[in-house]
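Below: one structure, written as structure tokens.
Values in this text are rule-based calculations from the coordinates and carry no lab data. Keep in mind that this is a model prediction, so the values were computed, not measured. Neighbour counts run over all protein chains shown; Cβ positions are idealised from the backbone, glycine included.
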Amino acid sequence: MRAVVLDTDDQFRVTELPEPVPGAGEVAIRVAYAGVQYGDVLVREGHFPVPRPFVPGFEAAGEIVAVGAGVPEARIGEQVTALISGGGYAEVVTAPATLAINAAGVGPREAAGFGWVTPTAYDLINTVARVQPGDSVLIHAAAGGVGSLAGQFATAAGARRIVGVVGNPGQVDYARRFGYHQVLVREEFPDALGEEMFDVILDPIGGSARVANLARLAPFGRIVVYGNIADFAPVTVSANDLLMRGQSLLTYNSNLAGQTDPQRLARSADRAMSLVADGSVHIDITAEHGLDDVETAIMNLAGGATRGKSVVRVS
Ligand SMILES: NC(=O)c1ccc[n+]([C@@H]2O[C@H](COP(=O)([O-])OP(=O)(O)OC[C@H]3O[C@@H](n4cnc5c(N)ncnc54)[C@H](OP(=O)(O)O)[C@@H]3O)[C@@H](O)[C@H]2O)c1
């Protein structure tokens, strides 16, 4: 089969590899489209320790063509999107059966765009921050994969006010399509907000933005830390100060959830998938690349040139 390999020289190459065979509890999927996500950038930049050569690609959609021991044969032929720990940029990939999410209600391209970002955005809003009707919500990286979905899930949860932050003025109108009432450019945050405080803040940024976010959290507010796009430096928070204001500092790690409680992650993915299938939530696929163009897809994401979601056409 054709597959993209990231080698020790940091180069991506399309190469021929043997097709993987599903082990116990796994399925093999003939991949139609794979989703491009920030984890690809982190692997490329060495922030995730993976053995090289490595077949990247953390989300792949297509048809189940074989099952391993313990997986019902009836799943063969099912259209799925799989949350995987690599191998998606290849014609066939194996995946844990639990995390091969039924995607019969959407096409394979949209299913690839679903990826990890959709259950992540769903969980951030609903499972972790538990956005309630009437809440105000502040979402950073609002034009990105998670951000463009989180705005929609916050709307579906009944948020009263949703404010997004993006990197440049060109992203403002784009982000507003996803339920945001106001979108700020990064330099405007936090001053343009006046004295406004938020019930829920989603923070994948880190560093000084995280410090500014904590200062914007309303009494009984919930801040969810789920990434460090800008800065990996630790940010120290006083538990006693949080207690005095009734605030909660929460985190989310979908990768860890996939390893430790895949059933729970799959339940969230199923709920998110129903909202996509019934049209309540739109996955905005803005770029499609070929298998021989994975490097461009990842570099565009790393350079901030991607809006919404990009996918790779595999077969
Ligand atoms: N913990 C988890 O379970 C989990 C799951 C999925 C994703 N994540 C994390 O969430 C983050 C977003 O993921 P994604 O899939 O939405 O990524 P994405 O589609 O690549 O979006 C990344 C966004 O980050 C913004 N950005 C880039 N550099 C920035 C900087 N220096 N400061 C502030 N914003 C910056 C860009 O916004 P502009 O273009 O507007 O500048 C871009 O829209 C990543 O850090 C990822 O690792 C975590």
Given the conditions (1) under 30 Å from G170 (Cα atoms); (2) more than 14 Å from the chain's Cα centre (by Cα); (3) surrounded by fewer than 15 Cβ atoms within 10 Å (Cβ to Cβ), every one holds for E295 apart from (3)
If I ask for residues that are touching a Gly at 6+ places or on another chain (Cβ under 8 Å) and buried (at least 21 other Cβ atoms within 10 Å of the Cβ), which ones from segment 255-283 would you list? L265, M273, V276, I283
Could you tell me whether any residue of segment 214-223 is of a type outside the set (D, E) and under 30 Å from E16 (Cα atoms)? no
Would you mind finding the one in N228, N255 that is polar (S, T, N, Q), part of a loop (DSSP other than H, G, I, E, B) and within 15 Å of the ligand (Cβ to nearest atom)? N228
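Is it true that F58 is within 16 Å of the ligand (Cβ to nearest atom) and touching a strand residue (DSSP E or B) at 6+ places or on another chain (Cβ under 9 Å)? Show your work before the answer.
On the way: within 16 Å of the ligand (Cβ to nearest atom): yes; touching a strand residue (DSSP E or B) at 6+ places or on another chain (Cβ under 9 Å): yes.
Yes: the conditions hold for F58.
Residue by residue, here is whether (1) of a type outside the set (D, E); (2) within 16 Å of the ligand (Cβ to nearest atom) holds:
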position: D40; (1), (2): no, yes
position: H47; (1), (2): yes, yes
position: F54; (1), (2): yes, no
position: I76; (1), (2): yes, no
position: G88; (1), (2): yes, yes
Residue by residue through segment 191-209, note down the ones that are within 11 Å of the ligand (Cβ to nearest atom) and in a helix (DSSP H, G or I). G207, S208, A209
Which residues, taken from segment 301-315, are surrounded by fewer than 17 Cβ atoms within 10 Å (Cβ to Cβ) and either closer than 22 Å to G179 by Cα or within 15 Å of the ligand (Cβ to nearest atom) (or both)? A302, G303, G304, A305
